[in-house]
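Trainee: I'd like to ask some things about the structure below.
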Amino acid sequence: MEVKIYSPAALPEKHTRQPPAGSQIVLPGELITSEPGYMRGHGTYQNEEGHLFSCVAGVVERVNKLVSVRPVRARYVGDVGDVVVGRITELQQSKWKVDIAGRQDAILQLGAVNLPGAARRRTIEDQLQMRSLFVENDVIVAEVQSFFQDGSVALQVGRDMGKLENGIFVSVPSSLIKRSKTHFHTIAGAVDIIIGMNGCIWLSASLSDEEKEVKAIQGKNYVAKPVPREDREKIARVRNCVAALAERNLPIHPDTITECYRASLKYDPKHLITPEVIEVITKP
Amino acid sequence: KKMLKSLSPSEIKFVEEGVAQNIRVDGRGRLDYRPFSLETGIVTQANGSCRLVLEDTDILVGIKAELGEPDAAAPDCGTVFVSVECCPSASPEFEGRGAEDLNVELAKFTERLLRASGSLDLKSLCLIPGRQCWALYVDVMVLDSAGNLFDTISIAVRAALATTSIPKVNVIEKPGNQYELELSDDPEDSLKVDAVGVPVAVTFSKIGAFDVIDATLEEELCLSCRTTFAVSQNGSFSSTQKGYGSTDVKSLKDQVKIARRVALQIIERMDAALHTEESSNRPKIG
């Protein structure tokens, strides 16, 4: 492939989108209103005269007398029930610390991991065997169970969740992910995608039904077959589509990814990283 | 977005298998380069500057020319000094003193690149042999990193030097072996630094049994050896650097051929991009 070097003067024109009518976009330090009687919500502050200013860059939201600013880009905060993808950073006594791209690492307690077999109390043997479950740098998919006093997230690993292997990890801003019924999807019938609410995404090749059965039977002893070239191309294509959507600040959702995927089919996966092609495949 | 200190064994295996099949995570082949942009003349306080943006890698180079004394070993040449700073915000491993070793390695390598014979025309920077010369201070800031720092820094530095202008100096001889230097006030009355011979670096990251160029951050976490070659526009090699790991002679021979091909293409495209920029007359900011 040729080396492509751009002069910023020669980059393709990016198509812009208009904000919805009536929305007020503010920058940090900008005055929202000088009228009295409004309550300040998140993302705002008042000066001595009681005028309301924004302290983040975002969109103003008004609910009756409560004025808040929803920031464009913020660290993932989380809600109970969110499905997230994270990376194990540390093992501590009967718990793991997981990096979920939030303000703090999340905590996954040993007791919150759904082990195969009937539910039972965790014993000392289980504590010593933690490494057989998850080790540092492993990527896992989990659910937000609750919050601790300090605001950090407590995770739980249910059925169909756990360690993720044989795939790639992609990170996008969490503000581009909207809550939906399920976060486990398949794009173009070939690429499995897990879209974590925290902006962390896992892509892997879909397994055929027979392969899924083999995996279920073998359990821990299952060794995945190496991923063939055609599947890798599809994964690369989806990965580049997700990166293109993130680059243009568009919502990351199976529908938008599929649309982008279809538009990308006339290009080689490796050409989807060039600015001109990103522009074409992300056009509404 | 910066969560990477290491990958899980499964992810490393996935990357290695992909590289072996010549299809990397983003669909590129082993010898494909990511697209990037070059913008020069953006720091108007500096004599020359360049900003290179390649995916998330963001490099800013500023070049200042000051009057100084030549090195005793090379009295008829100017001097050049390089400093590199990887911003702590660019990557978790740069926090605190983490980037110190990397800063030194990158700076020393880039300095060697520029001081090698045939690279920068240092003789043209001499004013009074043995007494006064121009000293070029090249400051590189790595604002954000998506891998491949050696190559991108060498490209950005070459672009900055190619667009660096130094005021013309009139040397007036005075009695008693004294000299007076008259610097021209007119900003248009300046000399362009001759950076045609400055080489460009091509780094090979060995992943499994194969080499890739322009590695991403994730790929750099999977490498077993890193070798860098600096090639200039006439195809000659000025320096090499081996980082982490060990390699074999056959790999080196293959790498040398590829490095020349890639570097020459980069130099050709980069000169074309700089030429487009010069003729576009975009207003400068800052």
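The values are calculated or read from the model by the stated rules, or taken from the named source; none is laboratory data. Quantities reported herein were computed from a predicted structural model and do not represent experimental measurements. Counting neighbours? That spans all protein chains shown, and the Cβs are built from the backbone with ideal geometry, glycine included. Ligands, DNA and RNA are stripped out before the accessible areas are found, and what is left, the full protein with its side chains, is counted by its heavy atoms. Shrake-Rupley method; radii C 1.70, N 1.55, O 1.52, S 1.80 Å.
Trainee: For region A:85-105, enumerate the residues that are modelled with pLDDT of 90 or more and over 19 Å from residue A:170 (Cα atoms). Talk me through it step by step, then tell me what you get.
Mentor: Going residue by residue through region A:85-105, those that are modelled with pLDDT of 90 or more are A:85-92, A:95-105.
Selection gives A:90, A:91, A:92, A:95, A:96, A:97, A:104.
Trainee: Next question. When the residues of region B:40-52 are filtered to those that are within 10 Å of another protein chain (Cβ to nearest Cβ) and surrounded by 21 or more Cβ atoms within 10 Å (Cβ to Cβ), which remaining residue is nearest to residue B:276 (Cα to Cα)? Break it down into steps so the answer makes sense when it comes.
Mentor: Going through region B:40-52, the residues within 10 Å of another protein chain (Cβ to nearest Cβ) turn out to be B:40, B:42, B:51-52.
Applying the additional criterion that residues be surrounded by 21 or more Cβ atoms within 10 Å (Cβ to Cβ) yields B:40, B:51-52.
Details: B:40: 11, B:51: 16, B:52: 16 Å.
The selected residue is B:40.
Trainee: Would you mind finding the one in A:30, A:61 that is surrounded by 12 or more Cβ atoms within 10 Å (Cβ to Cβ), touching a strand residue (DSSP E or B) at 6+ places or on another chain (Cβ under 6 Å), farther than 30 Å from residue B:41 by Cα and free of Cβ contacts under 8 Å to residues at least 24 places away in the same chain? Spell out the reasoning first.
Mentor: On the way: A:30 fails: free of Cβ contacts under 8 Å to residues at least 24 places away in the same chain.
Answer to the check: A:61.
Trainee: Go through region B:121-135 and give me each residue that's surrounded by fewer than 17 Cβ atoms within 10 Å (Cβ to Cβ) and assigned to a helix (DSSP H, G or I).
Mentor: B:123, B:124
Trainee: Those residues that are open to solvent by 80 Å² or more (accessible area, probe 1.4 Å) and more than 14 Å from chain B (Cβ to nearest Cβ), I need them from region A:149-176; list them, please.
Mentor: At the first step, the residues of region A:149-176 found to be open to solvent by 80 Å² or more (accessible area, probe 1.4 Å) are A:149-150, A:159-160, A:163, A:165.
Scanning region A:149-176 gives A:149, A:150, A:159, A:160.
Trainee: Moving to a separate point now. List the pairs whose first member sits in region B:263-274 and is more than 8 Å from every other protein chain (Cβ to nearest Cβ) and among the aliphatic types (A, V, I, L, M), whose second member is outside any helix (DSSP H, G or I) and surrounded by fewer than 16 Cβ atoms within 10 Å (Cβ to Cβ), and whose Cβ atoms are under 9 Å apart, counting only residues at least 6 apart or on separate chains?
Mentor: Close Cβ pairs (under 9 Å, with a partner that is outside any helix (DSSP H, G or I) and surrounded by fewer than 16 Cβ atoms within 10 Å (Cβ to Cβ)) amount to B:263/B:235; B:264/B:235.
Trainee: Checking the condition open to solvent by less than 50 Å² (accessible area, probe 1.4 Å), over 16 Å from the mean Cα position of the chain (by Cα) and either away from chain A (no Cβ under 13 Å) or at pLDDT below 90 (or both), which residue from B:232, B:239, B:251 passes?
Mentor: Sole residue among the options that is open to solvent by less than 50 Å² (accessible area, probe 1.4 Å), over 16 Å from the mean Cα position of the chain (by Cα) and either away from chain A (no Cβ under 13 Å) or at pLDDT below 90 (or both): B:251.
Trainee: Within region A:247-279, track down each residue that is farther than 25 Å from residue A:229 by Cα and touching a strand residue (DSSP E or B) at 6+ places or on another chain (Cβ under 6 Å).
Mentor: Within region A:247-279, A:252 is the sole residue that qualifies.
Trainee: Sticking with this one: Are any residues in region B:218-237 among the aromatic types (Phe, Trp, Tyr) and touching a helix residue (DSSP H, G or I) at 6+ places or on another chain (Cβ under 6 Å), and if so, which ones?
Mentor: B:229, the sole residue that qualifies.
Trainee: Just checking, how many residues over region A:194-224 are in a loop (DSSP other than H, G, I, E, B), more than 9 Å from every other protein chain (Cβ to nearest Cβ) and surrounded by 12 or more Cβ atoms within 10 Å (Cβ to Cβ)?
Mentor: Result for region A:194-224: 6.
Trainee: In region B:181-203, which residues are part of a strand (DSSP E or B), surrounded by fewer than 20 Cβ atoms within 10 Å (Cβ to Cβ) and not charged (D, E, K, R)?
Mentor: Those that are part of a strand (DSSP E or B), surrounded by fewer than 20 Cβ atoms within 10 Å (Cβ to Cβ) and not charged (D, E, K, R): B:181, B:183, B:190, B:191.
Trainee: Do we have any residue at all in region B:58-73 that's out of contact with any helix residue (DSSP H, G or I) (no Cβ under 6 Å at 6 or more places or on another chain), buried (at least 20 other Cβ atoms within 10 Å of the Cβ), touching a residue at least 24 places away in the same chain (Cβ under 8 Å) and within 22 Å of residue A:243 (Cβ to Cβ)?
Mentor: no
Trainee: While we're looking at this one, here's another question. Which one of B:220, B:182 is farther than 16 Å from residue B:153 by Cβ and charged (D, E, K, R)?
Mentor: Unique residue meeting the criteria: B:182.
Trainee: Out of the residues in region A:230-246 that are aliphatic (A, V, I, L, M), without any contact (Cβ under 8 Å) to a residue 60 or more places away in the chain and more than 7 Å from every other protein chain (Cβ to nearest Cβ), state the one that is surrounded by the fewest Cβ atoms within 10 Å (Cβ to Cβ).
Mentor: Once the filter is applied, the top-ranked residue is A:244.
Trainee: If you scan region B:18-29, which residues turn out to be more than 7 Å from chain A (Cβ to nearest Cβ) and surrounded by 21 or more Cβ atoms within 10 Å (Cβ to Cβ)?
Mentor: Within region B:18-29, B:19, B:24 meet the criteria.
Trainee: Restricting the search to region A:251-266, which residues are out of contact with any Lys or Arg (no Cβ under 9 Å at 6 or more places or on another chain), surrounded by fewer than 19 Cβ atoms within 10 Å (Cβ to Cβ) and either within 13 Å of another protein chain (Cβ to nearest Cβ) or farther than 19 Å from residue B:29 by Cα (or both)? Walk me through it before giving the result.
Mentor: From region A:251-266, those out of contact with any Lys or Arg (no Cβ under 9 Å at 6 or more places or on another chain) are A:254-260, A:262, A:266; that's our starting set.
Those left that are additionally surrounded by fewer than 19 Cβ atoms within 10 Å (Cβ to Cβ): A:254-256, A:258-259, A:262, A:266.
Those that are out of contact with any Lys or Arg (no Cβ under 9 Å at 6 or more places or on another chain), surrounded by fewer than 19 Cβ atoms within 10 Å (Cβ to Cβ) and either within 13 Å of another protein chain (Cβ to nearest Cβ) or farther than 19 Å from residue B:29 by Cα (or both): A:254, A:255, A:256, A:258, A:259, A:262.
Trainee: Can you tell me which of (1) in a loop (DSSP other than H, G, I, E, B); (2) within 25 Å of residue B:37 (Cα to Cα); (3) free of Cβ contacts under 8 Å to residues at least 40 places away in the same chain is the one residue A:249 doesn't meet?
Mentor: Failed condition: (3).
One line per residue, one yes/no per condition, for (1) on the phi < 0 side of the Ramachandran plot; (2) away from every other protein chain (no Cβ under 14 Å); (3) under 24 Å from the mean Cα position of the chain (by Cα); (4) not in a strand (DSSP E or B):
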| residue | (1), (2), (3), (4) |
| --- | --- |
| A:9 | yes, no, no, yes |
| A:19 | yes, yes, yes, yes |
| A:22 | no, yes, no, yes |
| A:32 | yes, yes, no, no |
| A:70 | yes, yes, yes, no |
| A:74 | yes, no, yes, yes |
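Trainee: Restricting to region A:81-107, and then to whatever is closer than 28 Å to residue A:54 by Cβ and outside any strand (DSSP E or B), can you tell me which residue is farthest from the other protein chains (Cβ to nearest Cβ)?
Mentor: Among those residues, the one meeting the criterion is A:82.
Trainee: Sticking with this one: Give the residues of region A:233-270 that are among the β-branched types (Val, Ile, Thr) and either over 12 Å from residue A:201 (Cβ atoms) or touching a Ser or Thr at 6+ places or on another chain (Cβ under 6 Å) (or both), sorted by residue number.
Mentor: Across region A:233-270, the qualifying residues are A:256, A:258.
Results for (1) under 20 Å from residue B:70 (Cα atoms); (2) not in a strand (DSSP E or B), shown as yes or no for each residue.
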residue: B:137; (1), (2): yes, no
residue: B:147; (1), (2): no, yes
residue: B:153; (1), (2): no, yes
residue: B:157; (1), (2): no, yes
residue: B:161; (1), (2): yes, yes
residue: B:171; (1), (2): yes, no
residue: B:179; (1), (2): yes, no
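Trainee: Next question. Please go through region B:63-78 and give me each residue that is of a type outside the set (Asp, Glu) and either in contact with a Ser or Thr (Cβ under 9 Å, 6 or more places away or on another chain) or at pLDDT below 95 (or both), ordered by number.
Mentor: B:63, B:65, B:67, B:68, B:70, B:72, B:73, B:74, B:75, B:77, B:78
Trainee: Which one of these does residue B:97 not meet: (1) touching a residue at least 12 places away in the same chain (Cβ under 8 Å); (2) farther than 30 Å from residue B:170 by Cα?
Mentor: Of everything listed in (1) touching a residue at least 12 places away in the same chain (Cβ under 8 Å); (2) farther than 30 Å from residue B:170 by Cα, residue B:97 misses just condition (1).
Trainee: Continuing with this model, one more query. Any idea which of (1) within 23 Å of the chain's Cα centre (by Cα); (2) within 13 Å of chain B (Cβ to nearest Cβ); (3) assigned to a loop (DSSP other than H, G, I, E, B); (4) among the aliphatic types (A, V, I, L, M) is the one residue A:227 doesn't satisfy?
Mentor: So residue A:227 meets the others, but not (1).
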